[in-house]
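One structure is given here, and the rest of the page talks about it.
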DNA sequence: CGAGCGTTTGAACAGCGTCAAAACAAGTGG
DNA sequence: CCACTTGTTTTGACGCTGTTCAAACGCTCG
C-alpha cells in the first residue's frame, strides 16, 4: 500500500493540514483525511484491529469479511465507489477489509469524526444516516439469505449490482468464490446458476468478470 | 389495544405532559411518551405504515417481521424487555411488529426524538448507538443464516436467549413457526433439531415454551 | 368430551453441497 | 511465440441435509 497525493496539483499550504485536506465523508460532512492506494487482494484492515479510521471507496472495489472459527467465510458486503466502510461503534474492527481490485481509498481519522459529532448535531445526524443505510441494506440481504433459493439469490445479487451501476452491463470485480461467500452458497452453485441463466437467455456472460442483463423480468421473478 | 397508566400512582400535573411523562428510551436519553398494552398476536404497527413512533418493550415480547411477495415470512428479530424497535430513517415502517405475548410497550413520538437530536449532540449520539447496536446484532445473525447448518442455527438461537436472560432456563415466548422464520428453516426442522438436542441430553424441554440448557459446550460446538 | 391449534414424527423427495476432473485464463520464463 | 505453471471456473456424478407432504399426538378451551 502507498499513500497517494489526492489530485494532480501539488499539495499547498492551504489544502493540506497535518491531518490532510478536507474530504467529503458524505455530501454534507467533510473531514480532514487522506488517500491511500491498495493493490488487488491487499488487506485494508484486519478483524480485531483497532478501528482508528473510517474509509470510503474513491475508486475500485472492496470486500468486508469475517470468519467462523472453522474457516467458513462470510462476505458481509461489497463496497463500490462512494461507499463508506469500516465505521465502528467499538474500539476494534468486527470485519476485515480487502481490496477486490487495485483501488483508491479515502481515509478519515475516527477521532476527527468523533470530535465533529460532539459539537455539531448535523454531523451527528449524518453519522446516524450512514449507519441506518447500512442497517437497511443488510436487512434486505438477510431476507435474501433466510428465505430465497440459489437462483433467487444470484438474481437479487445481479439486479442490485446493475441498479448501482444504473446499467444492464454489470462488471463483477469479485470472484465466484466471493459471490458464493456473500450469498451463502458454494462456488459450484453460483457457477451453475449463472450458466443456467445464460442458457435461458436471461443474461449473457461475455467473460467471467462481466454479466449483461438481457431479461430483467425473469431475474425479478426468479 | 389500550393506553395504560404507567405506574400504580395516579398521574400528577408534574409527571404528565400532553405528550406524556418523561420515559427512558435509553439510560441516557429520556423523552416524553406513554405506555400501551397489546394482547398476544395483536399488531403494534404494520409494514408501510407511517413511522411516527418509536417503541420500547417494557414487559412481554415482540416480533418484527416482513414478507416476500409470495408469502414467505422472515422474522427480523425478537424484542424482549429493554429492547427498542420500530426506529426508522424514512417515513414508513419497513417491518411490521406483533405482540408475541400480552405486553406493555413504551411509545415515544418520533417528532420528539427528532427535536431532541437536533439540539443535543449527546442525544444524537445515543440514537446512533441504538442503530449501531441493531446493526451489530443483525450482522451476527447474518453469519448464522449464511454459513450455519440447522443444528448450529438452533443452538445459536438458544444460547443467545439464555445469555439475554442470564439463565440456563430459557422461556420461549415464540412458536416453532416463529423460530423457523427467524432462522431460515421450516417448523419441522426446528422441532426435529430441538428433539434431537433433548435426546442427546444437551437441553431439556419440560414443555413447548421452555428449554433448559444442560450442556452449553455441546451447543457451542454444534 | 370434542374441536381446533400447535407440535412431533415419519417417509419420500429435491435442492444444494461435496468431490473429482476437465476446461479455461493469466502469467512466467525459455 | 510457445511450453509450462498456477489459479479460477465449469461440468459431472453422487449423497446428504433439510423440505414437503401427511398423519398422529397433545394441548387448551369451549
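See the values below:
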quantity: Answer from B:222, B:155, B:166 - the residue that is modelled with pLDDT under 95 and within 12 Å of DNA strand D (Cβ to nearest atom); calculated: B:222
quantity: Boolean, residue A:122 is surrounded by fewer than 20 Cβ atoms within 10 Å (Cβ to Cβ) and part of a helix (DSSP H, G or I); calculated: yes
quantity: Qualifying positions in the range B:201-213 - under 26 Å from residue A:70 (Cα atoms) and either surrounded by 15 or more Cβ atoms within 10 Å (Cβ to Cβ) or within 11 Å of DNA strand D (Cβ to nearest atom) (or both); calculated: B:202, B:203, B:213
quantity: Failed criterion for residue B:141 (all others in (1) in a helix (DSSP H, G or I); (2) more than 10 Å from chain A (Cβ to nearest Cβ); (3) surrounded by 21 or more Cβ atoms within 10 Å (Cβ to Cβ) hold); calculated: (2)
quantity: So residue B:120, is it within 14 Å of chain A (Cβ to nearest Cβ) and at pLDDT below 95; calculated: yes
quantity: Selection status of residue A:110, surrounded by fewer than 22 Cβ atoms within 10 Å (Cβ to Cβ) and within 10 Å of chain B (Cβ to nearest Cβ); calculated: no
quantity: Single condition residue A:79 does not satisfy, out of (1) under 16 Å from residue B:135 (Cα atoms); (2) buried (at least 22 other Cβ atoms within 10 Å of the Cβ); (3) more than 10 Å from chain B (Cβ to nearest Cβ); calculated: (1)
quantity: Among residues of the range A:134-162, those that are under 30 Å from residue B:115 (Cα atoms) and in contact with a strand residue (DSSP E or B) (Cβ under 9 Å, 6 or more places away or on another chain), counted; calculated: 4
quantity: Selected residue (only one of B:151, B:116 is more than 14 Å from the chain's Cα centre (by Cα) and more than 22 Å from residue A:185 (Cβ to Cβ)); calculated: B:116
quantity: Members of the range A:50-76 found to be more than 13 Å from chain B (Cβ to nearest Cβ) and more than 22 Å from residue A:112 (Cα to Cα), listed by number; calculated: A:59, A:60, A:61, A:62, A:63
quantity: Meets criteria (out of contact with any helix residue (DSSP H, G or I) (no Cβ under 7 Å at 6 or more places or on another chain), more than 14 Å from chain A (Cβ to nearest Cβ) and surrounded by 17 or more Cβ atoms within 10 Å (Cβ to Cβ)) for residue B:158; calculated: no
quantity: In the range B:64-79, residue nearest to residue B:184 (Cα to Cα) [restricted to those that are in contact (Cβ under 8 Å) with a residue 12 or more places away in the chain and out of contact with any helix residue (DSSP H, G or I) (no Cβ under 6 Å at 6 or more places or on another chain)]; calculated: B:76
quantity: Count of residues meeting criterion [near DNA strand D (Cβ under 8 Å from one of its atoms), touching a strand residue (DSSP E or B) at 6+ places or on another chain (Cβ under 9 Å) and under 20 Å from residue A:213 (Cβ atoms)] in the range A:175-193; calculated: 1
quantity: Contacts under 7 angstrom Cβ, first residue in the range B:191-208 being under 16 Å from residue B:159 (Cα atoms), partner at pLDDT 95 or above and near DNA strand D (Cβ under 10 Å from one of its atoms), 6 or more apart; calculated: B:193/B:150; B:193/B:151; B:193/B:154; B:194/B:154
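For (1) surrounded by fewer than 17 Cβ atoms within 10 Å (Cβ to Cβ); (2) under 24 Å from residue A:95 (Cβ atoms), each residue gets a yes or a no:
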site	(1), (2)
A:150	no, no
A:184	no, yes
A:187	yes, yes
A:199	yes, no
A:215	yes, no
A:218	yes, no
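The values are calculated or read from the model by the stated rules, or taken from the named source; none is laboratory data. As the structure is a computational prediction, the values presented were derived from the model and not from experiment. Note that we place each Cβ from the backbone using ideal geometry, even for glycine, and neighbour counts take in every protein chain shown.
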